[in-house]
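A quick write-up on the structure given underneath.
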Amino acid sequence: MTKASKSQPELSKNPQNHSKCRNNMYLNGPERFPVPEDKVSWDVPFVEYQPVLYTAPPVLKGPVWADPDIQKNPKIKLKFNKVDGKVNRKSYKGVYKVNNGLPQNPSGRTGIVGRGLLGKWGPNHAADPIVTRWKRDNKGKVVKHSSSGKPILQFVSIKRNDTGEWAIPGGMVEAGDTVSATLKKEFGEEALNTMQMDDKAKKETNKNLKALFKKGVTVYEGYVDDPRNTDNAWMETTVVNYHDNDNLFHSFKLHAGDDAGSVSWVDVDSQLHLYADHGYFVSGSAKLHHAHW
């Protein structure tokens, strides 16, 4: 598969304010230890800091996608800041610290130690495809926003089952998989429900997906201010925009997969409230296409 182009200017590597993963209840878990804005950085002393230990039961059961519990088994040595077998433990933020055998979140304190809902210690890599098209009227003409005068972009969005928020239909890069393969696979599973298609329909869909995903522009690579983050495990992602200039989507029928409540084309606008940093990622696509934001 053709790699995503990086010919366009990329967004800042560190846009987040590190707020969605602190000072709140962890997803289906305990309340985080409060971390004031001026105490987020590890460089600032915080002697009162007593983060809550939490790793979700499904992670502790040891599924294939999860690391072993190195807190209980310190003799197990993972190769942090390296490619460890099939697992990429490198961070887009550079070399992160490892204290007492545990990786330290490079963006600061979160009020939780352990892995929470994340399987990997350190960076958990994801891939998020933003599939866009121009909004058109019933005559096929591109619709422009009444206030900005700029054309309106639409993107495929799913409603997450876990938080109820709208999001980009992405997912985790599994051990041994490439980012490019994950981008196509996750979009197919989350937004088109390819897992439930018969062989004929799946073959035709994959053919069209291959054409759509042949060219893309990387709009972000880096840390994600995700509500699942902890002091020892955090989300990072690669976000690639695939714009449907050739009307390939006329043959696709959006259908939410098992992990999504619903799926829809959504108008791109600055008033959108999306999961984690997804609003920021979508804004990158709007800027790329000189669209309304």
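LYS214 satisfies every condition listed in (1) more than 20 Å from the chain's Cα centre (by Cα); (2) more than 26 Å from ARG136 (Cα to Cα) except (2).
The residues of region 243-276 that are under 27 Å from SER146 (Cα atoms), modelled with pLDDT under 95, open to solvent by less than 20 Å² (accessible area, probe 1.4 Å) and within 20 Å of the chain's Cα centre (by Cα), listed by number, are LEU274, TYR275. Pairs are defined by a Cβ separation below 6 Å, a sequence spacing of at least 6 or placement on different chains, a first member in region 162-173 that is touching a residue at least 12 places away in the same chain (Cβ under 8 Å), and a second member that is of a type in the set (Asp, Glu) and open to solvent by less than 40 Å² (accessible area, probe 1.4 Å); the pairs so defined are ILE168/ASP128; PRO169/GLU190; GLY170/ASP128; GLY170/GLU186; GLY171/GLU186. Scanning region 188-215 for residues that are of a type in the set (A, V, I, L, M, F, W, C) and touching a helix residue (DSSP H, G or I) at 6+ places or on another chain (Cβ under 7 Å) gives LEU192, MET195, MET197, LEU209, ALA211, LEU212, PHE213.
Taking region 114-142 only, how many residues are more than 21 Å from the chain's Cα centre (by Cα) and farther than 21 Å from GLY284 by Cβ? Give the derivation first.
From region 114-142, those more than 21 Å from the chain's Cα centre (by Cα) are 134-142; that's our starting set.
This time we only want the ones that are farther than 21 Å from GLY284 by Cβ, so: 136-141.
Adding up the residues that qualify gives 6.
Any residue at all in region 214-231 that is of a type in the set (Val, Ile, Thr) and surrounded by fewer than 19 Cβ atoms within 10 Å (Cβ to Cβ)? For region 214-231, residues of a type in the set (Val, Ile, Thr) and surrounded by fewer than 19 Cβ atoms within 10 Å (Cβ to Cβ): absent.
The set of residues in region 30-43 that are open to solvent by 20 Å² or more (accessible area, probe 1.4 Å) and either closer than 17 Å to GLY114 by Cα or in contact (Cβ under 8 Å) with a residue 12 or more places away in the chain (or both) comprises PRO30, GLU31, PHE33, PRO34, LYS39, SER41, TRP42.
Scanning region 163-195 for residues being more than 19 Å from PHE249 (Cα to Cα) and open to solvent by 40 Å² or more (accessible area, probe 1.4 Å) gives a total of 11. Residues of region 80-132 that are under 22 Å from VAL35 (Cα atoms), of a type in the set (Ser, Thr, Tyr) and surrounded by 21 or more Cβ atoms within 10 Å (Cβ to Cβ): SER107, THR110. Looking across region 28-64, the residues that are out of contact with any Lys or Arg (no Cβ under 6 Å at 6 or more places or on another chain) and aliphatic (A, V, I, L, M) come down to VAL44, VAL47, VAL52, LEU53, ALA56, LEU60, VAL64. Tallying residues that are part of a strand (DSSP E or B) and of a type in the set (D, E, K, R) within region 104-159 yields 6.
Let's see how each residue does on (1) outside any strand (DSSP E or B); (2) in contact (Cβ under 8 Å) with a residue 40 or more places away in the chain:
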{"residue": "GLU48", "(1), (2)": "yes, no"}
{"residue": "LEU53", "(1), (2)": "no, yes"}
{"residue": "PRO63", "(1), (2)": "yes, yes"}
{"residue": "PRO68", "(1), (2)": "yes, no"}
{"residue": "GLN71", "(1), (2)": "yes, yes"}
{"residue": "ILE76", "(1), (2)": "yes, no"}
{"residue": "PHE80", "(1), (2)": "yes, yes"}
{"residue": "SER91", "(1), (2)": "yes, yes"}
{"residue": "GLY94", "(1), (2)": "yes, no"}
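Tell me whether region 136-151 contains one or more residues that are of a type in the set (Val, Ile, Thr), free of Cβ contacts under 8 Å to residues at least 12 places away in the same chain, within 30 Å of HIS289 (Cβ to Cβ) and open to solvent by 20 Å² or more (accessible area, probe 1.4 Å). Yes, region 136-151 contains a residue that is of a type in the set (Val, Ile, Thr), free of Cβ contacts under 8 Å to residues at least 12 places away in the same chain, within 30 Å of HIS289 (Cβ to Cβ) and open to solvent by 20 Å² or more (accessible area, probe 1.4 Å).
The values are calculated or read from the model by the stated rules, or taken from the named source; none is laboratory data. Everything numeric in this text was worked out from a predicted model, so none of it was measured. Here Cβ is always computed from backbone atoms with ideal geometry, including for glycine, and neighbour counts include all displayed protein chains. The protein model used for the area step is the full one, side chains on, heavy atoms only, and it has no ligands, DNA or RNA in it. Shrake-Rupley method; radii C 1.70, N 1.55, O 1.52, S 1.80 Å.
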